[in-house]
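In what follows, a structure is listed as structure tokens, so that the remarks can point back to it.
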Amino acid sequence: MEFFETVQKRHSYRGAFWDKPIPDADIRRILQAGISAPSGYNAQTTRFAVVTEPELLREIAALMETPVLQTAKAVIVPLSEYVPQKAGLVFETEDYAASVENILLAITALGYAGVWMDGFAKLGDHAEKIAQILNAPENLHVRALIPFGVPQETWQQKEKKPPGKPLAGTPPT
């Protein structure tokens, strides 16, 4: 799929998935897209856990009964590390967000669908429970869930606002 077509087709899919496994080669390509994202001072503060084991998928799905979690054949869990850089700057959030967007674009480019469930991890003690399920090191913080797979339904990207007028000093488009 061409890049700009991928950008236009990427959407937040919250429906059910078909019972089809995700090939390891596709998971590796998706993760490579995530680790290829920019990172402040190249600190590379984001790591990924990939959950494909049925028992672990069930444990995660038990935290929130939604079609997307109940039927996902794979869930990518981005985890980030707080690493201060020069002048005390921290890019943990930016690093994580850039990597997740690359992952979502890769998921779309390969013909799958998925959703960035950041709010889910922030609710209650979900992040801590997921960290326990994954046996994550204490220095890594669960940031989100990205369940994905072969969608049962066809969804489209929601309409976006136009870019608006260019700012002063910007060439007209």
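The values are calculated or read from the model by the stated rules, or taken from the named source; none is laboratory data. The model shown is predicted, which means the values in this text are computed figures rather than measured ones. A quick note on method: Cβ atoms are made from the backbone with ideal geometry, for glycine too, and the neighbour counts reach across all protein chains shown. Please note that ligands, DNA and RNA were not included when accessible areas were found on the heavy atoms of the full protein model with its side chains. Shrake-Rupley method; radii C 1.70, N 1.55, O 1.52, S 1.80 Å.
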Quick one: which of THR66, THR45, THR52 is in contact with a strand residue (DSSP E or B) (Cβ under 9 Å, 6 or more places away or on another chain), of a type in the set (S, T, N, Q) and crowded, with 19+ Cβ neighbours inside 10 Å?
THR45
Can you tell me which residue in the stretch 115-173 is nearest to THR52 (Cα to Cα), limited to those that are of a type in the set (Phe, Trp, Tyr) and in contact with a Leu (Cβ under 7 Å, 6 or more places away or on another chain)?
TRP116
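Starting from residues that are part of a loop (DSSP other than H, G, I, E, B), aliphatic (A, V, I, L, M) and over 17 Å from the mean Cα position of the chain (by Cα), keep the ones in the stretch 65-114 and report whichever is farthest from ALA49 (Cα to Cα).
LEU89
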From the options ALA136, ALA168, residue that is in a loop (DSSP other than H, G, I, E, B) and open to solvent by less than 70 Å² (accessible area, probe 1.4 Å):
ALA136
Subset of the stretch 26-60, residues over 18 Å from LEU110 (Cα atoms), among the hydrophobic types (A, V, I, L, M, F, W, C) and in a helix (DSSP H, G or I), comes to LEU56, LEU57, ILE60
The residue that is farthest from the chain's Cα centre (by Cα), considering only those in the stretch 32-42 that are farther than 24 Å from ASN135 by Cβ and open to solvent by less than 60 Å² (accessible area, probe 1.4 Å), is GLY40
For the stretch 16-25, check the following and say yes or no: at least one residue is in a helix (DSSP H, G or I), more than 24 Å from LYS129 (Cα to Cα) and at pLDDT 95 or above.
yes
Which members of the stretch 139-154 meet the condition of being among the hydrophobic types (A, V, I, L, M, F, W, C) and either within 15 Å of ALA72 (Cβ to Cβ) or exposed (fewer than 11 other Cβ atoms within 10 Å of the Cβ) (or both)?
ALA144, LEU145, ILE146, PHE148, VAL150
Among the residues of the stretch 117-127, are any touching a residue at least 60 places away in the same chain (Cβ under 8 Å), among the hydrophobic types (A, V, I, L, M, F, W, C) and part of a helix (DSSP H, G or I)?
no
Answer yes or no: is there a residue in the stretch 91-105 that is farther than 19 Å from TRP155 by Cβ, open to solvent by 40 Å² or more (accessible area, probe 1.4 Å) and either touching a strand residue (DSSP E or B) at 6+ places or on another chain (Cβ under 7 Å) or aliphatic (A, V, I, L, M) (or both).
no
